[in-house]
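Please read the structure below before turning to the comments.
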Amino acid sequence: MKIESTQNSTIKALAKLSTKKERDHSGKFLIEGWHLLEEASQAGLLEHVYQLEIQPVFTDAPVTFCTQPVLNKLSVQKSDARYIGLCCKPDTHSLQKAKKVLLLDHLQDPGNLGTLIRSALSFGLEAVVLSPDCADPYGPKAIQSSQGALFHIPVETADLSLAIADLKSKEIPVFGAALHQDSRELHDLAVPARFAIMIGNEGQGIRPELLEQCTQLIHIEMASFESLNAAIAGSILMYAFQFPAAGHYPSSH
């Protein structure tokens, strides 16, 4: 089968997945490029591939050949598309078993979001929980920035106040990243074996009512300048939290 018209009903339906509303409604999303197709296939989320006839066939999923204009209609890239994948969103119940969690409050930049998901997977966290007003993790920029990490770590949306209360009820401390008078420097922190790290909005940081719920506020000590990009700060914290208290970050007490 080959689709040659951009007015094809299947293509018109797929194009609607460019909106968050349609992604939420259908539970489907699109990805682009061979690498992301491989990652989605490994995670069991790839349902169908739309590609040019002249490209190697991605054999782990059903394939439909398309003309270049048809693929470009589905693409958000500036260059000609070669592969478009249709994926299903995974079922996530991340808070039930996760002992190392990243919490993101009102994070607006999809590039930051994707990068933090990528870092969370890289540094051994087990789940990412987003406030409802975060950027969409299944939007194209977030997916691209995650480099496929989104397919291998549970990412869910939840009321962070309830999520924090749930974590603390399981004796999992919540560390909020904030430049605050009660905030402790990272090097002075005894890193526990189980934890949650919370990163806030790029401009305003973590909301005050959520800061009050945190077990401890922490910040990264710097030689100069006042703050770091949210994705960089979160990645540094997640890297540091790989090392439990017995080693690299002794308490001052």
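Could I have the simple spin-label model distance between residue 13 and residue 190, label points 7 Å from Cα toward Cβ, reported in nm to one decimal?
For residue 13 paired with residue 190, the spin-label model returns 5.8 nm.
Using 0.36 nm per residue of separation minus the Cα-Cα distance, give me the extension gain between residue 162 and residue 222 in nm, one decimal.
18.4 nm
Could you work out the relative contact order of the chain, using alpha carbon pairs under 8 angstrom and six or more residues apart, expressed as a whole percent?
18
Work out how far the C-alpha atoms of region 69-114 reach from end to end along every principal axis, then list the three figures in whole Å, largest first.
Over region 69-114, Cα extents along the principal axes are 46, 23, 14 Å.
For region 94-240, report the % of Cα-Cα distances exceeding 20 Å.
So the portion of pairs separated by more than 20 Å is 40 percent.
Find, among the trypsin sites (Lys or Arg not before Pro) in region 28-124, those assigned to loop by DSSP (not H, G, I, E, B) with at most 11 other beta-carbon atoms within 10 angstrom.
78, 97
Given Cβ point charges of +1 (Lys, Arg) and -1 (Asp, Glu) and nothing else, what value in debye, to the nearest 20, does the dipole of region 94-240 about its Cα centre take?
Charge dipole, region 94-240, about its Cα centre: 540 debye, nearest 20.
Between residue 181 and residue 152, what FRET efficiency comes out of the Förster formula 1/(1 + (r/R0)^6) with R0 = 35 Å and r the beta carbon distance, rounded to 0.05?
After rounding, the FRET efficiency stands at 0.35.
Label points 7 Å out from Cα along the Cβ direction at residue 209 and residue 4: separation in nm?
The two pseudo-label positions are separated by 5.9 nm.
Does anyone have the angle between helix 230-240 and the longest principal axis of the chain? Alpha-carbon axes, 0 to 90°, nearest 10?
Between the helix axis and the principal axis of the chain, the angle is about 60 degrees.
Could you work out the equivalent-ellipsoid semi-axes for region 2-88, taking the square root of 5 times each eigenvalue of the Cα gyration tensor, largest first, in whole Å?
Values for region 2-88, descending: 17, 17, 11 Å.
Please report, to one decimal in angstroms, the Kirkwood hydrodynamic radius of the chain built from all distinct Cα-Cα pairs.
19.4
Computed from the coordinates by the stated procedures, all read-outs in this text should not be read as laboratory data. Not measured: the values here are computed from a predicted model. Because the Cβ atoms are built from the backbone with ideal geometry, glycine has one as well, and the counts that use them run over all protein chains shown.
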